[in-house]
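Novice: Please see the structure below; I have some questions.
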Amino acid sequence: MAQIIQTATEPLPTVDVDVITLDLVENALRNARYEMDEVLFRTALSPGIREQHDEFPLIGDPEGKMVVGQFGLSIPDFLENFEGTIEEGDVLLTSDPYSCGAAISHANDWLVVMPIYFEGRIVGWASMFGHMSDVGGKTPASMPTDARTIYEEGVVIPPFKLYKAGVLDEDALRIILNQVRKPDWNRADLNGLVAACSTASRRVQELCARFGADTYTSALDALLDRNYRAMKALLQMVFKDGETLSFTDYICDDGVGYGPYELKLSLTRNGDKVLLDFTGSSPQAKGPINYFINENLVRMFFGIYMITVADPQILWNDGFYPLVDVEIPEDSFWKPKFPAALNARNHGIGRVFDLFGGLLGQTNPDLLNAAGFSSSPHFMYSGNYSEGERKGEWFQLYSIGFGGIPGRPIGDGPDGHSLWPSFVNIPCEYLESYYPLRVEAWETVSDTGGAGLHRGGNAVDAAYRFLEPGTIAIHDDRWLTYPWGVNGGEPGARGRKWIDRVDGTREILPSKIHDVEVAPGDVLHFVTWGGGGWGDPLARDPELVGLEVRRGLVTADGARRYGVVCDASGTVDTDATAALRAELAAGRPDVLPTFNSGPPLEEILARCEEETGLPAPKPPVAL
Amino acid sequence: MTYRLGVDVGGTFTDILLVDESSGETYRAKTPSTPHDQSVGVLRGIMQACAAADIGLDQVGDVMHGTTIATNAILEGKGARVGLVTTRGFRQVLQIARSFVPGGLAGWIIWPKPEPLAALEDTVEVGGRIASDGTVVEDLDEDDVRAALDKLAAQGVEALSISLINSYANPEHERRVAKVAQEVLGGLTVSVSSSVLPELREYERTLTTVANAYVQPRVARYTANLSEQLTESGVGGKLYILRSDGGLASAATAADNPVSLLLSGPAGGVSGAAWVAEQAGFSDFLTFDMGGTSTDVALVQDRVPRIGRETKVGDLTVRATSVDVRTVGAGGGSIAHVPPLTQALRVGPQSAGAVPGPAAYGQGGVEPTVTDANVVLGYLPTSLAGGEVTLDRAAAAAAVQTIVDATDLGSVEEAAEGIIDIVNENMLGALRLVSVQQGFDPRDFALVAFGGAGPLHANALGRLTGAWPVIIPPSPGVLCAYGDATTSMRDEAVRTLMRPFSSLDDDALRDQLVELADDARASLIRDGLSESDLTVTYAADLRYHGQGFEIPVAIDASAFDGNGGGLASLREAFDAEHERLFSFLLGNEHEIVTVRATASGPRPAVAAPVLASGDADSSGALVGTESIWVDGGAVDAGLYQRDQLLAGNVVTGPAVITEMDSTTLVLPGHAATVHPSGSLLIRPIDQSAADGAEG
C-alpha cells in the first residue's frame, strides 16, 4: 500500500457545488483529457502510438477513481500494490500486470501514474498507458505467439519512481532501454506519456486555483454521484430483478494449438446492484492469449455500453462502481496464475465488446449490435536492410489491422473500420517511405460483411509485397468461429492469411504466428474479418443491394443472400427477386434467431481443415 | 478610382463595405443573402452602398469578396458528381477513410458514417505504379485509363479527380491520366492530386483533391457569373476572392483551386480584426466571432494570424492552408437542455437555427436558447437589427422556465445565467485550443469580438481568459467585409521533401526555395502584379525523424550563408517550438517534410476613420437605464447608443451599448473606452485606472 506524503494534512471540506459549476468542471476535464491525447500523438515516435493511437489517458480524483478517461486503468489497484512513499514531483512507471492488479494487461503497455498536488495535498491523479512497439524479449515486437510465461515477453518493469521528487532516475531508465530493440521509440513515447500527464496535472491545478480545491474535489464527488444515480436508474429500467442473462463467445485458439476458448459472461440484477460473473469461462490458456482483467475495467466496460446511448455527452467516470459486483474465477482465462503469458490478450479485450453487446442487447434493443471487428490484430515485419545506403540498418514495423463494424440498430456497419475509438491505419505511403515494402492493395473484400437489413461491414485485404528479407508475425483471431449476426442477420466472414511466395507457391498461415521468414517479392495477404449482419436480409431494399453491387461491396452472387437477383452492374431483376425472396422465406423458420453464429461448433471443428487449410485446435485443458 | 469594395456573403446577410481609399470613409449596406444565386444579393448591396456614397458603379475599383459558396457546397452536399481515378488496389481509399471512428469506447454504436464525396461507384482504378522514391515500378496502362474514364463518362460525372499512390514523389502518371481525360471527358474540370496537394498520405491527399473537384464547377460558375455582372454594371475593377489563409486571389486563380476557399468567410473576419486591432494599437490578439450556430476563434501574433495546414468544414477535414480558425458549435441559437437521466445542464450542440430561432424571436421557437437567456437577463434590448426584429421577453422567460423545472435552480434568471456561463465555458474551450494548448498565455493577448453575438459575451470571455482589452470593432457585424477590403493578394507553392537534415545542405535547400518562390509568384504576376511588388516568405514543416506530426516554422532566408547557417537556424527554431509546445526535446535527427513559399502583394492603402473627440463623459450617448441581472442579482445598467459616442468617452459598466447590428455588454467593474478609430476597449476598472486610457 502506497504511503502518500502531503504537507497539508487537514482534509478538504465538502462544499455545495451548483449544477453550473459542475458542468464547467466536467467540460474542463473533458478538454484536458483530449489534450493529453494530443500531446502524446504529436510527440510519440513508435507507429503504434503515433499513427494508430494505441494509448489510454485518465484523470482521477484524490483516491484515484477515474473522473475522465476512456478506458479504466485502475489507480486504486496500482496504489494498493505499490510499496513505498509517494510525494510531489514523483512519476511512477510500470509494465507488470501482476504487480498492479491488472491495471494494465500485458508487458508492452507502459503505465505512467502521476499524483497531482495543489497547495501541499493530492487533488487527483493523472495516468496514461501506451503500447510500446517493442519491449525486448525473444521476438521483434515482444509478442511471441508461443510464449508460455511472461518471462518470454521482454522487460517487465515493476512499479517504481521514474521521477523522484521531479528528478529522473537516469540509471533505471538506461537499464530498461537497454533491453529493447528500438530504445529511441520507447524513450520518445515515454516522454510523451509523462508530458501528457503533466499537462493534465497543470489543468487540474488551474481548476483548483480557479474554483478552489474544496469546490473542485466536491465537484468530482458530484460528478461521480451523477454517474451513480444515472446508472442506478438505468439498471432498474433495463434488467428484471433476479433474472440472469448469459452470453458466450469464443477465442479461436491460443497460439500453441488449443482452442476454442469459451468466454462466458452472466449478469444478474439483485435489487439496486448487478453481478457480472465470468464463471463458466475456459481455464487459463497455455499460450499467451490470457486476458488478465481488472474488476474495475469490467465495470467500466459495462457502464460505457449502458450509458452511451442514454446521454452521449456525459463525462464517463467510476461513480457507479459500487452498483456493480464482479466475479472472476481464479486460474481462468480472465485471471491466470503468475507467470502465465499475457502478450496476446488483445483478442480477449476485443471479444469483451461482443460479450457485452450480446449480453446487454438481450434486454436493450439499442445495444443489440451484431458481432463486429472487436479486435486490433497485429502485423509485424522486421529485419536488416541487405543492400543500399541503409545496408545493415534494423527496421521494425508494428501495425494494426481493421475490419467490419457490425450491422447496428442505426444502420449498416462501416467497411474496414474498428470498434476501437481513435485508432487509424498507417498511411500506405508512409509505410512505403519508411519500410522496405510495397502495399499492393488496401481494400475491403466484397461479401465479407454479414447479410442483414443492415449489412455488416466488410473485412480488409491488405497485400504487402516485401522488398527485403526479414521475418513477419501475425496476431489475429476469428479464423474459426464466426462473427455472429443478430435479429435474423447472418454472420460475417472469417479472417484468412496467406503468403504468395515469389516462386509461385501459396502458403496458408495460421492467425497467430511469429518469426515467419519472408523473401523479397513475397506477398502477404492479411485478410481480416467482416461484421455480422443486423435484421432480416430479405427486408433490405433491393435497389440498395444493387447499388452495393455497383460499388463492389457485394457481388452479384452475394446479392442472392439478400434474395436479390441482379447482374454484375447491379441492375435488379424485380420479378426474379420476388420469386427468390419467397423461396428463401419459405425455407426458414417463422421467427428468425436472435443470434446466428453459423454452424454448430462441432461442425465447424469437423470441417476446419477443409475450409481453412489449417488443422483444428485441440480442446483446452486445465493446467 | 479611389473606392474599393469589400463583400461578405454570410448565411443570412450580405454585407457590403465601400471604402474611400483616400479618406478611409466607409459606406455600408446590409441586404438579405440570396442563396439560390448569391450574386443577386451582392449586386443589390453594391448598388445600395454606392447610393449611400452618392457615386456611380463606374467609380468602384476592385471588388474583394469573401464567399461561402465553396463551404456551402460541402455543408449542403450540393457539389458536383465527382469521378475519382485511383491506383489499382486503392479504389476504397475514401470508403475506408483511415478506419477512423470518432467518439469514445462505444462511439461506433451511434456513429453515422458520412458518404464519401466521390461515390464508390464513381471511383475507378488503373494499372501502373510509382514507388515512394518516385521511380516507376510499373508503367501506366493507358488502355486501362481510357476504359476507366469511358466508364465514368457514361455514368455522367460532372468533375474528375485523380489521385494515384506516391504521386507526390512523381506526378508523371497523374499528368498522363489528366491528358487522356481531356480527350475522353472534354471540358470537364480535372483536379490532380500532385497539383492540389503534393504531400505524402494518400487518404488526405485524395480527400483534398476530391473536395477541390467537388466544389470547383459551382465556384467557377459563380465567380465567372459575378465577374460578368460586375462588368456589365459598369464596375471597372477586377473581382478578387478571399482565400482561407486570409490572402486574396484573382477570381480565375481562385476558381482553379477552390479547396483553398473553404474558410474564406472566417478568414475575412480574422483579417478584419487584424485591421481594426492595428488601428487601435494592438498587434497580438485572439479573435472571437460568435454567430447564431457557431463561434470561430483564432490567434493573431504580431498582426499575423496563425496559419494551419488543415481546413475543417462540417465532417470534412482537408489539407489546405488556412487561418487556424477553431470552431465550436455554440452560438446565440444554441439550445439548453437537461437530459433526464443525468440531470446535467447542457447547452448545444443542437441549435434553433434561423427557423424557428430562439423563442424570443416569436417565430414558433419554444426551446430555450442562449439568445433567450440574454433576453431574460436584460442584456439584449427589445429590438434587434435596427428595429426589424422585436424580441418577446415573455416567450424567452417561458422557454428558460423549462430549465428551472428540470433542475433545482431557483429562478429563470438563475437558469439564464447558468446557460450563459456554460456557453461561455464552451467558447472558452475553443479559445484555449488556440492559446494555452499551443503554448500561448491568453493574458498576453487582446480579444477582438465580433459577429452578431460576440460583443454580448466578450466582456465575460475577457474575464475568463484574462485577455485585455476586449476590443469591440466599429460595426462588428460587417467586420468580414472590412477584412476583405483591407488584405493583400497572396499565393503559395508547396513541396514534400521528406529528407533528414544530414542529406541536405544550405545550397540544396535554397535552390528548392528559389523554385518555390517562382511558382508562388507566378499566378500573381499573371494577374498583373509586378515582381518588385511581391514579398515572399518561407516556411517548413519539420519533425524529429520518426515522428508522425510536423511543426511549421518560418524559414529565415537571410540565414542561408552557404555554411549551414540556414539549416542551423531551422533546427534552432524547431527545437524552440517543440520545447514551447511539449516541454522536451529529443536527440533524434531533424527531418524536413515540406517546404512552402508564400508570395504576397502590397497591402492596400486604406486610411482609418477618425471619430470626433470628446472627454471621458459619455452621458451624451446615454439614452436610458435598464435593469439587468448579473452575478446573481439585479442592477441598473446604463443604455447607450454607440453612434453617439465620441473618442475618449468612457462607458462604465454595468452598461449596454446598442448599435444597428450588435449589442455590447459592459459588466460591472469594467469600463469601455472609445478609441479614436471607433473601437471600444473594455478593461477591468482597476487595470484601466492603472494603465490609463490608451490612445
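Novice: Would you check which residues across the stretch B:430-440 are more than 12 Å from chain A (Cβ to nearest Cβ) and either over 20 Å from residue B:584 (Cα atoms) or without any contact (Cβ under 8 Å) to a residue 60 or more places away in the chain (or both) and list them?
Specialist: Of the residues in the stretch B:430-440, the ones more than 12 Å from chain A (Cβ to nearest Cβ) are B:434-435, B:440.
Residue satisfying the conditions is B:434 alone.
Novice: In addition: Could you tell me whether the stretch A:61-76 includes any residue that is more than 14 Å from every other protein chain (Cβ to nearest Cβ) and among the acidic types (Asp, Glu)?
Specialist: Yes, the stretch A:61-76 contains at least one residue that is more than 14 Å from every other protein chain (Cβ to nearest Cβ) and among the acidic types (Asp, Glu).
Novice: Go through (1) under 32 Å from the mean Cα position of the chain (by Cα); (2) within 11 Å of another protein chain (Cβ to nearest Cβ); (3) within 23 Å of residue A:551 (Cα to Cα); (4) modelled with pLDDT of 95 or more for residue B:124 and report which single condition fails.
Specialist: Every condition holds for residue B:124 apart from (1).
Novice: Take residue A:126 and decide whether it is closer than 30 Å to residue A:376 by Cβ and part of a helix (DSSP H, G or I).
Specialist: Details: closer than 30 Å to residue A:376 by Cβ: yes; part of a helix (DSSP H, G or I): no.
The answer is no for residue A:126.
Novice: Residue A:173 fails exactly one of the following numbered conditions: (1) within 14 Å of chain B (Cβ to nearest Cβ); (2) out of contact with any Leu (no Cβ under 8 Å at 6 or more places or on another chain); (3) over 19 Å from residue A:79 (Cα atoms). What is the number of that condition?
Specialist: (2)
Novice: Sticking with this structure for a sec: How about the stretch B:217-246: which of its residues are part of a helix (DSSP H, G or I), within 19 Å of residue B:10 (Cβ to Cβ), in contact with a Leu (Cβ under 8 Å, 6 or more places away or on another chain) and among the hydroxyl-bearing types (Ser, Thr, Tyr)? Give the steps one after another, and end with the answer.
Specialist: The first filter runs over the stretch B:217-246 and keeps only residues part of a helix (DSSP H, G or I), leaving B:217-232.
If we keep only those that are within 19 Å of residue B:10 (Cβ to Cβ) as well, we get B:218-219, B:222-223, B:226.
This time we only want the ones that are in contact with a Leu (Cβ under 8 Å, 6 or more places away or on another chain), so: B:219, B:223, B:226.
Matches in the stretch B:217-246: B:223 only.
Novice: If a residue must be at pLDDT 95 or above and under 30 Å from residue A:367 (Cβ atoms), how many such residues does the stretch A:384-408 contain?
Specialist: 7
Novice: Here is a follow-up. Can you tell me which of B:215, B:235 is β-branched (Val, Ile, Thr) and over 18 Å from residue B:59 (Cβ atoms)?
Specialist: After applying the criteria, what remains is B:215.
Novice: Cβ contacts < 8 Å: first residue on the phi > 0 side of the Ramachandran plot, restricted to the stretch B:105-119; second residue modelled with pLDDT of 90 or more and surrounded by 20 or more Cβ atoms within 10 Å (Cβ to Cβ), any location; separation 6+ or different chain. Result?
Specialist: So the pair list comes out empty.
Novice: Please enumerate the residues belonging to the stretch A:455-469 that are in a strand (DSSP E or B) and farther than 30 Å from residue B:109 by Cβ. Can you show your working first?
Specialist: Residues of the stretch A:455-469 in a strand (DSSP E or B): A:460-466.
Selection gives A:463, A:464, A:465, A:466.
Novice: Filter the stretch B:522-533 for residues that are buried (at least 21 other Cβ atoms within 10 Å of the Cβ) and either of a type outside the set (Gly, Ala, Ser) or within 14 Å of chain A (Cβ to nearest Cβ) (or both) and give the result.
Specialist: B:524 - this is the single residue of the stretch B:522-533 that is buried (at least 21 other Cβ atoms within 10 Å of the Cβ) and either of a type outside the set (Gly, Ala, Ser) or within 14 Å of chain A (Cβ to nearest Cβ) (or both).
Novice: While we're on this one: So is residue B:214 within 12 Å of residue B:67 (Cβ to Cβ), of a type in the set (Ser, Thr, Tyr), touching a residue at least 40 places away in the same chain (Cβ under 8 Å) and assigned to a helix (DSSP H, G or I) or not?
Specialist: no
Novice: State yes or no: is residue A:283 surrounded by fewer than 24 Cβ atoms within 10 Å (Cβ to Cβ), farther than 20 Å from residue A:358 by Cβ, in the same structural domain as residue A:339 (by TED's automatic domain parsing) and not acidic (Asp, Glu)?
Specialist: Working: surrounded by fewer than 24 Cβ atoms within 10 Å (Cβ to Cβ): yes; farther than 20 Å from residue A:358 by Cβ: yes; in the same structural domain as residue A:339 (by TED's automatic domain parsing): yes; not acidic (Asp, Glu): yes.
In short, yes.
Novice: Looking only at the stretch B:391-425, filter to residues that are in a loop (DSSP other than H, G, I, E, B) and of a type in the set (A, V, I, L, M); which one of those is farthest from the other protein chains (Cβ to nearest Cβ)? Walk me through how you get there before you give the answer.
Specialist: Our first condition is that a residue be in a loop (DSSP other than H, G, I, E, B); within the stretch B:391-425, this holds for B:391-392, B:407-411.
Okay, now just the ones that are also of a type in the set (A, V, I, L, M), so B:391, B:409.
Working: B:391: 24, B:409: 7 Å.
In this case the residue turns out to be B:391.
Novice: Residues that are over 23 Å from the mean Cα position of the chain (by Cα) and more than 30 Å from residue B:161 (Cα to Cα): does the stretch B:60-77 have at least one? Walk me through it before giving the result.
Specialist: First, the residues of the stretch B:60-77 that are over 23 Å from the mean Cα position of the chain (by Cα): B:60-61.
Right, trim to more than 30 Å from residue B:161 (Cα to Cα) and you get B:60-61.
Yes - at least one qualifying residue is present in the stretch B:60-77.
Novice: Answer with yes or no whether residue B:433 is under 16 Å from the mean Cα position of the chain (by Cα), modelled with pLDDT of 85 or more and part of a helix (DSSP H, G or I). If you could, list the steps in order and put the result at the bottom.
Specialist: Values: under 16 Å from the mean Cα position of the chain (by Cα): yes; modelled with pLDDT of 85 or more: yes; part of a helix (DSSP H, G or I): yes.
Criteria met by residue B:433.
Novice: Among A:258, A:250, A:305, which is in contact with a helix residue (DSSP H, G or I) (Cβ under 9 Å, 6 or more places away or on another chain), closer than 30 Å to residue A:509 by Cβ and either of a type in the set (D, E, K, R) or not assigned by TED's automatic domain parsing to the domain that holds residue A:118 (or both)? Let's see the steps before the verdict.
Specialist: Details: A:258 fails: in contact with a helix residue (DSSP H, G or I) (Cβ under 9 Å, 6 or more places away or on another chain); A:305 fails: closer than 30 Å to residue A:509 by Cβ.
That would be A:250, the only listed residue that is in contact with a helix residue (DSSP H, G or I) (Cβ under 9 Å, 6 or more places away or on another chain), closer than 30 Å to residue A:509 by Cβ and either of a type in the set (D, E, K, R) or not assigned by TED's automatic domain parsing to the domain that holds residue A:118 (or both).
Novice: Checking the structure you have, find out if any residue of the stretch B:163-171 is touching a residue at least 40 places away in the same chain (Cβ under 8 Å), closer than 23 Å to residue B:94 by Cα and not in a loop (DSSP other than H, G, I, E, B).
Specialist: Of the stretch B:163-171, the ones touching a residue at least 40 places away in the same chain (Cβ under 8 Å) are B:163-165, B:168-170.
Checking the rest, the ones that are also closer than 23 Å to residue B:94 by Cα come to B:163-165, B:168-170.
From what's left, not in a loop (DSSP other than H, G, I, E, B): none.
No: the stretch B:163-171 contains no residue that is touching a residue at least 40 places away in the same chain (Cβ under 8 Å), closer than 23 Å to residue B:94 by Cα and not in a loop (DSSP other than H, G, I, E, B).
Novice: Let me ask something additional. Which of the residues spanning the stretch B:38-66 are of a type outside the set (A, V, I, L, M), touching a residue at least 40 places away in the same chain (Cβ under 8 Å) and farther than 19 Å from residue B:480 by Cβ?
Specialist: Narrowing the stretch B:38-66 to residues of a type outside the set (A, V, I, L, M): B:38-39, B:41, B:44-45, B:48, B:50, B:54, B:56, B:58-59, B:61-62, B:65-66.
From what's left, touching a residue at least 40 places away in the same chain (Cβ under 8 Å): B:38-39, B:56, B:58-59, B:61-62, B:65-66.
B:56, B:58, B:59, B:61 - these are the residues of the stretch B:38-66 that are of a type outside the set (A, V, I, L, M), touching a residue at least 40 places away in the same chain (Cβ under 8 Å) and farther than 19 Å from residue B:480 by Cβ.
Novice: Going through the stretch B:60-114 one residue at a time, which ones are under 30 Å from residue B:3 (Cα atoms), of a type outside the set (Gly, Ala, Ser) and either within 14 Å of chain A (Cβ to nearest Cβ) or assigned to a helix (DSSP H, G or I) (or both)? If you could, list the steps in order and put the result at the bottom.
Specialist: Keep residues of the stretch B:60-114 that are under 30 Å from residue B:3 (Cα atoms), which gives B:60-72.
Add one more test, that the residue is of a type outside the set (Gly, Ala, Ser), and what stays is B:60, B:62-65, B:67-69, B:71-72.
Passing the criteria: B:69, B:71, B:72.
Novice: Could I ask something else about it? What about residue A:357, is it within 11 Å of chain B (Cβ to nearest Cβ) and small (Gly, Ala, Ser)?
Specialist: The answer is yes for residue A:357.
Novice: Here is a further query. Do we have any residue at all in the stretch A:361-368 that's surrounded by fewer than 24 Cβ atoms within 10 Å (Cβ to Cβ), in contact (Cβ under 8 Å) with a residue 60 or more places away in the chain, under 18 Å from residue A:133 (Cα atoms) and within 11 Å of another protein chain (Cβ to nearest Cβ)? Walk me through how you get there before you give the answer.
Specialist: Quick first cut of the stretch A:361-368, residues surrounded by fewer than 24 Cβ atoms within 10 Å (Cβ to Cβ) only: A:361-368.
Filter once more, so that each one left must be in contact (Cβ under 8 Å) with a residue 60 or more places away in the chain: A:361-364, A:367-368.
Of the ones still in play, those that are also under 18 Å from residue A:133 (Cα atoms) are none.
Among the residues of the stretch A:361-368, not one is surrounded by fewer than 24 Cβ atoms within 10 Å (Cβ to Cβ), in contact (Cβ under 8 Å) with a residue 60 or more places away in the chain, under 18 Å from residue A:133 (Cα atoms) and within 11 Å of another protein chain (Cβ to nearest Cβ), which makes the answer no.
Novice: Conditions first: (1) more than 14 Å from chain A (Cβ to nearest Cβ); (2) crowded, with 18+ Cβ neighbours inside 10 Å; (3) closer than 30 Å to residue A:467 by Cα. Residue B:175 passes all but one, so which condition is the exception?
Specialist: (2)
Novice: What is the one condition in (1) crowded, with 23+ Cβ neighbours inside 10 Å; (2) under 23 Å from residue A:305 (Cβ atoms); (3) facing chain B (nearest Cβ under 10 Å) that residue A:34 does not satisfy?
Specialist: (1)
Novice: Among the residues in the stretch A:38-59, are any in contact with a helix residue (DSSP H, G or I) (Cβ under 8 Å, 6 or more places away or on another chain) and more than 22 Å from residue A:424 (Cβ to Cβ)?
Specialist: yes
Novice: So which residues in the stretch A:433-463 are within 7 Å of chain B (Cβ to nearest Cβ) and modelled with pLDDT under 95, if there are any at all?
Specialist: The one that is within 7 Å of chain B (Cβ to nearest Cβ) and modelled with pLDDT under 95: A:433.
Novice: Kindly evaluate residue B:289 against the criterion of being under 11 Å from the mean Cα position of the chain (by Cα) and either among the acidic types (Asp, Glu) or buried (at least 21 other Cβ atoms within 10 Å of the Cβ) (or both).
Specialist: Values: under 11 Å from the mean Cα position of the chain (by Cα): yes; either among the acidic types (Asp, Glu) or buried (at least 21 other Cβ atoms within 10 Å of the Cβ) (or both): yes.
When the stated conditions are applied, residue B:289 passes them.
Novice: Output the residue which, of all residues in the stretch B:338-372 that are within 12 Å of another protein chain (Cβ to nearest Cβ) and under 29 Å from the mean Cα position of the chain (by Cα), is farthest from residue B:261 (Cα to Cα).
Specialist: Start the filter on the stretch B:338-372 by keeping residues that are within 12 Å of another protein chain (Cβ to nearest Cβ), which leaves B:338-350.
Filter again for under 29 Å from the mean Cα position of the chain (by Cα), leaving B:346-350.
Values: B:346: 33, B:347: 31, B:348: 28, B:349: 25, B:350: 26 Å.
Among residues in the stretch B:338-372 that are within 12 Å of another protein chain (Cβ to nearest Cβ) and under 29 Å from the mean Cα position of the chain (by Cα), the one farthest from residue B:261 (Cα to Cα) is B:346.
The values are calculated or read from the model by the stated rules, or taken from the named source; none is laboratory data. Here the structure is a predicted model, which means the values were calculated and not measured. Note: ideal-geometry Cβ built from the backbone for every residue, glycine included; neighbour counts use all protein chains shown.
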